[in-house]
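Q: Pasting a structure below so you can have a look.
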Amino acid sequence: MEERIDFEKGLVSAGDDSRILKVMRRAIKGEALKLAFLGGSITQGSVASTPEGCYAYLTYKWWKDNFPRAEFTYINAGIGGTTSHLGVGRVEEEVLSHRPDFVIVEFSVNDADNEPHFQETYESLVRRILGADFAPALLLVHNVRYDDGGNAEAIHGPVGDHYHLPRVSMKPAIYAQVEAGHINRRDITPDDLHPNDEGHKLVAGVITHYLEKVRQKALSGAGLADTENGTAQTEGKTALPAPLTASAYEKAHRFRNDELVPVVCEGFTRDDTPQSCVADCFKKGWTASAPGAKIVFEVEGSSLAVQYRKTVRKPAPVAVLTIDGDSEHEVVLDSNFDEDWGDCLYLETLTEHGQGGRHRVEIRITRADEEDREVFYLVSLICA
């Protein structure tokens with residue numbers, strides 16, 4: 001099936017490859033390097049028959065195969081059903097804390113198309129990575145929905161171009177062949193979103209086709225002056241251009257029970273069950289199941305969000321959230337999920353570009369009964 005794909009068409013922007021070139025030259029020398037992948041369920045490897053069958057692992061394997069002298073560490077930070085809003089809130093803990101040398105970001109089928117909120121959270125994420133003092137290389141990946149060709153590339157692409165980043169897209173490479181009838185989409189995806197093993201191979205093929213072009217450049221010595229003499233994306237603290245958006249999420253942080261202590265906790269229980277991996281996401285939170293149970297936090301920020309579990313095991317409890325005692329604008333947190341694909345790590349934006357400073361966030365269970373099949377699970381607060 002790979003012979004049907006023009007992988008070159010997937011390279012929608014070559015951008016500034018100086019950081020990737022530098023990583024590859026280090027790989028040629030046999031250094032130890034870390035490769036990180038941040039995204040949603042496709043990055044996590046959903047539908048792939050094994051963890052080694054997903055595009056992220058296949059891309060990691062490409063690095064290993066093509067730079068046999070180097071030692072690589074694989075960091076998969078994909079979490080299904082999540083957006084760049086959560087991505088920027090957790091990137092420090094789950095990606096940047098490892099000091100990766102090369103990072104792929106993939107949120108183009110999870111962020112809603114043409115929503116300014118997601119352009120801002122995506123740009124904030126990009127700036128957070130580029131601004132790290134160890135200057136990781138960054139490649140943006142745009143996946144696609146295979147039924148209609150939709151994705152958030154219209155808002156993600158301008159961000160990548162603004163920072164001269166390399167970008168690859170599955171839309172002109174893989175989806176174009178589906179749309180033309182040259183590929184039966186059921187041969188590469190069971191649900192028009194998640195690639196199967198064959199689909200993951202094609203996604204990895206688009207990515208590694210670009211990486212091979214950079215590898216040849218590294219082997220030839222081309223671009224050596226840029227990476228050694230310094231450009232906007234080489235050594236030390238990066239001088240970033242003014243943002244396209246307000247970029248208010250650059251310092252966003254996800255607070256779970258290992259960092260945030262409630263000022264009031266009545267009927268909620270802290271979950272200290274060990275977390276097995278990044279994708280084991282319903283951990284380090286708080287649970288409650290009785291009407292009237294209440295938990296209160298004091299947090300700082302002008303853009304606040306709450307994460308909780310929406311479950312397919314209905315019925316489940318319902319809660320309400322208020323900020324600073326404003327009951328007229330309370331937010332309902334209904335943990336009953338109307339979809340059937342599994343429990344959802346749901347993120348609810350509470351305020352955006354609001355009043356800064358300290359705020360009191362109260363969550364109270366309003367509806368629960370003996371028939372409930374699950375407890376209410378509060379996962380985290382994200383503050384920026």
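Throughout, read-outs are computed from the coordinates displayed, never taken from laboratory work. Keep in mind that what you see is a predicted model, and the values were worked out from it rather than measured. Positions of Cβ are backbone-derived with ideal geometry, glycine not excepted, and every protein chain shown enters the neighbour counts.
Q: Once you've got the Cα coordinates, tell me which of LYS64/LYS213; LYS61/LYS283; LYS29/LYS217 are over 19 Å apart. Kindly include the intermediate steps, with their values, before the conclusion.
A: Working: LYS64/LYS213 16 Å; LYS61/LYS283 30 Å; LYS29/LYS217 15 Å.
From the list (LYS64/LYS213; LYS61/LYS283; LYS29/LYS217), the Cα-Cα distance tops 19 Å for LYS61/LYS283.
Q: A further question follows. Would you mind putting 44-51, 366-373 in packing order, based on average other-beta-carbon counts within 10 Å, highest first?
A: Working: 44-51: 17.6, 366-373: 13.4.
Ranking the peptides 44-51, 366-373 by packing returns 44-51, 366-373.
Q: For the chain, what is the calculated [θ] at 222 nm in deg cm²/dmol (nearest 500), taking -39500 (n - 2.57) for each run of four or more DSSP H residues and dividing by its residue count? Write down the numbers at each step before the final one.
A: Details: 9 runs with 97 residues, N = 384.
So the calculated ellipticity at 222 nm is -7500 deg cm²/dmol.
Q: Additional query: Please sort by residue number the chymotrypsin sites (Phe, Trp or Tyr not before Pro) in segment 62-160 whose DSSP state is loop and whose Cβ has at most 13 other Cβ atoms within 10 Å. Could you put the intermediate results ahead of the total?
A: Values: sites: TRP62, TRP63, PHE72, TYR74, PHE102, PHE107, PHE118, TYR122, PHE134, TYR146; in loops: PHE107, PHE134, TYR146.
In loop regions of segment 62-160 (DSSP not H, G, I, E or B), the sparsely surrounded chymotrypsin sites (Phe, Trp or Tyr not before Pro) are PHE134.
Q: Right, next: What are the chymotrypsin sites (Phe, Trp or Tyr not before Pro) within segment 282-366 that DSSP puts in a loop, where the Cβ has at most 14 other Cβ atoms within 10 Å? Before the final figure, lay out each step's value.
A: Values: sites: PHE282, TRP286, PHE297, TYR308, PHE337, TRP341, TYR346; in loops: PHE282, PHE337, TRP341.
Filter output for segment 282-366: TRP341.
Q: Going by alpha carbons, how many degrees (0 to 90, nearest 10) lie between the helix axis of 18-28 and the longest principal axis of the chain?
A: Value to nearest ten degrees: 70.
Q: Here's something else I'd like to know. Angle between the Cα long axis of helix 84-94 and the longest principal axis of the chain, 0 to 90 degrees, nearest 10?
A: 80 degrees
Q: Assuming 0.36 nm per residue, please report the length gained on full extension of the stretch SER97 to GLU71 beyond their Cα-Cα distance. Please report the intermediate quantities before stating the final value.
A: Details: separation 26, 0.36 × 26 = 9.36 nm, distance 1.88 nm.
Difference between extended and current length: 7.5 nm.
Q: On a 0 to 90° scale, report how tilted helix 116-130 is relative to the longest principal axis of the chain, with both axes built from alpha carbons and the result rounded to the nearest 10.
A: Between helix and principal axis, roughly 60 degrees.
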